[in-house]
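Coordinate-derived values only; no laboratory data. Just so we're clear, the structure is a prediction, and the values are computed from it rather than from any experiment. Note that we place each Cβ from the backbone using ideal geometry, even for glycine, and neighbour counts take in every protein chain shown.
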Amino acid sequence: MLRSIVIGAAIFFVAGAAMFFAPAAQAHEMQLTIYDDGRSCPGGCDAHVVFYPSDNGTRYAFQPGSSRSNPAACVAGALCRICFGEADSSCMDALYRGGGPKAGRFDFTPAFYAANCSRTDIPAALRAQCDSLDSAAKKLKYSTAINCFLTPGDAKCVKAMAQASAAQAADTPKYDSCIAMGQTQFNAAQSDPKERRSNECNYSALPLGGHPGNRWRLLAPAACRPGTYVDPFGLDCCSSDVRFAAANHPECRAFFPSP
């Protein structure tokens, strides 16, 4: 999983996708983001954090048994003490799943926000981020929209869900073949460059748009976990989570039509 170049689910060589960040109040405050890159998301995209390797073992991310003055690097699959700023009150424990976005950011899953935003004992930076995401969901009317993942049979959902499901079904044999053959061998067998894959078969190998140093690749429909679908732009794995939809607006809008 190349989380160092994956934000949301769009792959960028330098710049990340636009996200909602909690306001930076201090020079050394860590930024908070939200991501779900489908099958590449470790732990089934459970409630966890990922961040850039250079931030690991610093006063902002260290093993709970160590200290800010003598930090030990966090271990993937175990709890990690993360600090959003200089104050010790900005720290909390979170399940760490490995490398993530570029330095200076904590990338959390939708499940992490779902598990923590309702708590009253979280650091102020996380509270601000939760409020920002909820405000965005309200302002963009995701919180009152029809959630097609919960009501796929709704008349306003049938077309979008059918198209997404068909795309995923059509791509799954290709994805499975790529995994079985190995990405290198699979790509060598493809005469059409658009059919070649990158990043463990999850993305198209063909760079699109942007400019040198800021090109992106399409996320394959089958790269999204069952019950989630790639958005029409090929950037993210949309799910029923309204915070994620609002943070990545307008990618997931097709799955959240107005009542």
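Per residue of the chain, what 222 nm ellipticity follows from adding -39500 (n - 2.57) for every DSSP H run with n ≥ 4, rounded to the nearest 500? Can you show the working numbers first?
Details: 5 runs with 59 residues, N = 259.
Helices in the chain give a 222 nm mean residue ellipticity of -7000 deg cm²/dmol.
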field: GNM top mover of 137, 180, 246 - the chain, alpha-carbon springs below 10 Å
entry: 180
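Keeping to pairs on different chains or 8 or more places apart, tell me how many lysine pairs in the chain have Cα atoms under 22 Å apart.
Within the chain, the lysine pair count is 5.
Please get the size of the charge dipole for segment 132-254, origin at its Cα centre, with Cβ charges of +1 on Lys and Arg and -1 on Asp and Glu, quoted in debye to the nearest 20. Present the calculation step by step, with values, prior to reporting the outcome.
Values: 14 positive and 11 negative charges, 67 e Å.
With Lys and Arg at +1 and Asp and Glu at -1, about 320 debye.
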query: Relative to the longest principal axis of the chain, what angle (0 to 90°, nearest 10) does the C-alpha long axis of helix 158-181 take?
result: 90 degrees
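Tell me whether segment 85-168 comes out rounded, prolate or oblate; compute the Cα gyration tensor, take square roots of the eigenvalues as a ≥ b ≥ c, and use a/c under 1.5 as the rounded threshold. Mind dumping the intermediate values first?
Details: a/c = 3.01, a/b = 1.92, b/c = 1.56.
Because a/c hits 1.5 or more and a/b exceeds b/c, segment 85-168 counts as prolate.
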